[in-house]
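Readers should treat all values here as calculations from the given coordinates under stated rules, not as data from a laboratory. Predicted model only: the values in this text are computed from it and were never measured. Backbone-built Cβ (ideal geometry, glycine too); neighbour counts: all protein chains shown.
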């Protein structure tokens, strides 16, 4: 079906009257980029979730801007339609199409799909199937777009390697333009380049992994700096409310705090910051061009941004005039001072979220969460003095070496915070999932039964506030898929064929469909939940994310001894391996303590 036929179907068939939230499917949002030349190298950027979720994702916006900054290339967007729209499309033979031009997915050179979380894997297959492209990469034709995956789940691409022609490991903006140049050159020399030849060429780019060419060592792609235009990214304004309905400015990337459970803190090193002037100009321009009523200063730990004080002071007068609220989505307990709390609450209070992660000091040392209880209580007190009465606390259960005493400490800490005068306390409890490229990648994951038993011991928290515990079956599946090998592709495919899709949505998740697929394939999920030897070869060992396996092993054993590791940004180099990345020039004080990055 051609794009004019798709547009006609949308406008005249009445389909938009039959589906929920039709604004998800009509495009034409403010600040979209439209390029109509047919000879351009074309990318369709897909997010395997509904529009409201995908439109909130910064990574896709960054890649969108990076491609569209090239005169000879274009990027358009697509998202997974909700089930009612999928049914309508299938009934009429309408393929997945782009938001900008309503072009079918098969018209593009590259179909790039974000792999943001493991529970989206069946939704990824739904996205590919709806596009009309074969699900399995070894069954695709030369005329089909190359299907390339990117995002944090590529830290272990083996699980989904059957379905992708290539993966971009690391930061996509560092390599996407180079991929585009190879495609451009191939198109100039041939109207229909051979698929395998193209894949061989892009496999030479650092950070690109092509499974069909064999298992090879791949070093993650790293953006040497937070370029102003890319950090601001695309500022498309939706017609409907989205999950994060606000302007987003990435002020810092990377974190060296060293929490041993945190994959993002390991795979996004080194720390890179946006300059104060660029951040100030970017925030002002974003608010002006979008009209959003909230500005989010984004990073893994926004209060660690070295210019946070000057930036918020400088922006506050203009934000007050426009009644634009500040949001710091990642606030360190020990860095959130009284003055900063007072300042960002002066426009509109949006609630505060803190993540002690563990209830006891002992267990926080194990996970290297280098904050103590007095830090939390002091911060809560300063927040209360600044007028906040809503606080959310995040914890994990099932952590390595955890005991019942550690669980009781969660209850005690919640009670203490509530009795400090916090009127609305909410406690969110996740099940610990050991992730690749972290010191805890060697740890076992607790079973569903163990997680449920631990959760029951926390029920007294409901005397003091709202308690939410993550579904342990979802956590089990997340852990299995994150530490999987290529055999699990068969399980993902089987679950999808059983009807699994939108697994990340609570009301749609049906673990029974996965159980059936595990049974049919003869693969037990429990073998992927076991502990791993530090000498064992792991499915993701060929993926170099910057931190070395030796460092992860050292940190693992330090965790078992209850020893902490200081943040190398403010202390000495911890020899994590990131200094060996070619982008990083480091001083004797350590690559993150005195970081200089090549432009």
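By the helix-only formula, in which each DSSP H run with n ≥ 4 contributes -39500 (n - 2.57) and the sum is divided by residues, the chain has a 222 nm mean residue ellipticity of -10000 deg cm²/dmol. A protection proxy built from the mean count of other Cβ atoms within 10 Å ranks the segments 562-568, 136-142, most packed first, as 562-568, 136-142.
Can you sort 204, 114 so the residue with the fewest Cβ neighbours within 10 Å comes first?
204, 114
Relative to the longest principal axis of the C-alpha atoms of the chain, give the angle of the C-alpha long axis of helix 308-321, reported between 0 and 90° and rounded to the nearest 10°. Once rounded, one gets 70 degrees.
Taking a label point 7 Å from the Cα of residue 237 along the Cα→Cβ vector, which residues of segment 20-46 have an amide N closer than 13 Å to it? Hits in segment 20-46 for residue 237 at 13 Å: 29-32.
For the chain, the longest principal axis of the Cα atoms and the long axis of helix 472-482 meet at an angle of about 60 degrees.
Can you give me the angle between helix 488-497 and the longest principal axis of the chain, using Cα atoms only, in degrees from 0 to 90, rounded to the nearest 10? Approximately 70 degrees, to the nearest 10.
When each of the peptides 511-518, 525-532, 268-275 is scored by how many other beta carbons lie within 10 Å of its residues on average, the order from highest to lowest is 268-275, 511-518, 525-532.
Given the peptides 160-172, 462-474, 27-39, 215-227, arrange them by the average over their residues of other C-beta atoms within 10 Å, most packed first.
Result, highest mean first: 160-172, 215-227, 462-474, 27-39.
Note on 146, 135: ascending count of other Cβ atoms within 10 Å places them as 135, 146, the fewest first. As a proxy for reagent exposure, 443, 262 were ordered by neighbouring Cβ count within 10 angstrom, fewest first; the result is 262, 443. Length available on full extension from residue 83 to residue 533: 0.36 nm per residue minus the Cα-Cα distance, which gives 157.7 nm.
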